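Trainee: Okay, handing you the structure first.
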Amino acid sequence: MIDVSNLTKRYGPSTVVDGLTFTVRPGAVTGFLGPNGAGKSTTMRMMLGLTRPDEGSARIGGHAYHELRYPARHVGALLETSAPHRTLTAFDHLRWLARSNRIPRQRIGEVLDTVGLADAAKRRIGTFSLGMGQRLGLAAALLGDPPVLVLDEPVNGLDAEGIRRLRELLRAQAAEGRTVLVSSHLMTEMSMVADHLIVIDRGRLLADTGMADFMERHGRSYVRVRTTEPVLLRRELERAGASVAPTRDGGLEVDGLPAGEISRLAAASGLALDELSTHQGSLEDTFLGLVARTGGQTRV
């Protein structure tokens, strides 16, 4: 597991990470969410021993990162600031990592194939596109077959095929019982892969919960309805206490009444319904709404 306890980091008068405490458990993909400047990357850097905390600790499998003799065999990491030497080939870059962590040489070919870079093994990294560089970073993270993955914005630069491959990879890693922590600003992608969410803002914890619980507790649920008499139906719905907003295609979005009650109300008014469906707000809308409501001040 990854255990973060009272983790705090200050830069001058600014507190970037403020008393964070959470646990990332194995067997699930945990999404690490927060607006720009929330402290996600700083937190990950403290987990990996690249930034020293002012208070608190981050331990991986019960150990601080600097205590791990061969770290690549325990933690696979991809940070946005990772920058391999541009004159090396992809194979040589991974060979150096493998030798320094006592990882078998044959593992290099395996991870290059996993991330779709087998044909580029002998190319110099300086000729790589952004997406190819990101795939190489993923290969390096997987090299030691580690039980823990810490990935900061791994989708950046990937094309549609690369994103699909990454999604399948993360799911497979979690299914094998590994601990997977992923930060991303792409909410649609996160909603498709994450089982659990840790949400922070201004360095403080806002939510630490399962994806389904997060959406149920903080998301917007509404009913979409269409009829040939939208004005009359809207009047009846609002009279019953619902909040109603028209849509561009002539339908209505209804908050405050369940679909069954709307159906009964329409029938009692003699109104035929062409559509009646319940919808859940997106992860992006739910996330932005939570951040706006809390202002980073309280955990909910």
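Where a number appears in this text, it was derived from the coordinates with a stated rule and is not lab data. Worth saying up front: this structure is predicted, and the values here are computed from it rather than measured. Ideal geometry is used to build each Cβ from the backbone, glycine not excepted, and the neighbour counts take in all protein chains shown.
Trainee: Per 0.36 nm of contour for each residue apart, how much would the distance between Ala268 and Ala121 grow if the chain were fully extended, relative to their Cα-Cα spacing?
Mentor: So the chain would gain 46.0 nm between Ala268 and Ala121.
Trainee: Averaged across orientations, what area in nm² does the convex hull of the alpha carbons in region 2-216 project?
Mentor: Mean shadow area of the hull around the Cα atoms is 11.6 nm².
Trainee: With a 10 Å radius around each residue's Cβ, average the other Cβ atoms per peptide and rank 63-75, 185-197, 139-151, highest first.
Mentor: My ranking of the peptides, most packed first, is 139-151, 185-197, 63-75.
Trainee: Quick one: grab Rg to one decimal and Dmax as a whole number for region 142-300, Cα atoms only, in Å.
Mentor: Spelled out, the Cα radius of gyration and Dmax of region 142-300 are 20.6, 67 Å.
Trainee: For an R0 of 22 angstrom, estimate the FRET efficiency from the Cβ-Cβ distance between Ala292 and Tyr11 and round to the nearest 0.05.
Mentor: Computed FRET efficiency for Ala292 and Tyr11 comes out at 0.30.
Trainee: For the chain, with a Gaussian network of springs between Cα atoms less than 10 Å apart, report the residue from Ala58, Ala245, Ala212 with the top mean-square fluctuation.
Mentor: Per the Cα network of the chain with a 10 Å cutoff, Ala245 tops the list.
Trainee: Mind checking the angle between helix 90-100 and the chain's longest principal axis? C-alpha axes, 0 to 90 degrees, to the nearest 10.
Mentor: 70
Trainee: Relative to the longest principal Cα axis of the chain, at what angle does helix 259-268 sit, 0 to 90 degrees, rounded to 10?
Mentor: Tilt of helix 259-268: around 20 degrees.
Trainee: Based on the Cβ-Cβ distance from Arg171 to Glu253, what FRET efficiency comes out when R0 is 35 Å, to the nearest 0.05?
Mentor: 0.60
Trainee: Moving on to the next point. Order of Lys9, Lys122 from fewest to most other C-beta atoms within 10 Å?
Mentor: Lys122, Lys9
Trainee: While we're on this one: Counting only the backbone N, which residues of region 132-154 are under 15 Å from the spot 7 Å out from the Cα of Arg105 toward its beta-carbon?
Mentor: In region 132-154, the label zone of Arg105 (backbone N under 15 Å from the point 7 Å along Cα→Cβ) covers no residue.
Trainee: Percent of Cα-Cα pairs per 10 Å bin, from 0 to the last occupied bin, for region 221-280, please list those.
Mentor: Histogram of Cα-Cα distances, whole percents per bin: 26, 67, 8.
Trainee: Just to confirm the filter: which trypsin sites (Lys or Arg not before Pro) across region 192-300 are DSSP coil and have at most 14 other Cβ within 10 angstrom of their Cβ?
Mentor: Filter output for region 192-300: Arg220, Arg248, Arg299.
Trainee: Taking only Cα atoms, what is the 0 to 90° angle, nearest 10, from helix 283-294's long axis to the longest principal axis of the chain?
Mentor: Roughly 90 degrees between the two axes.
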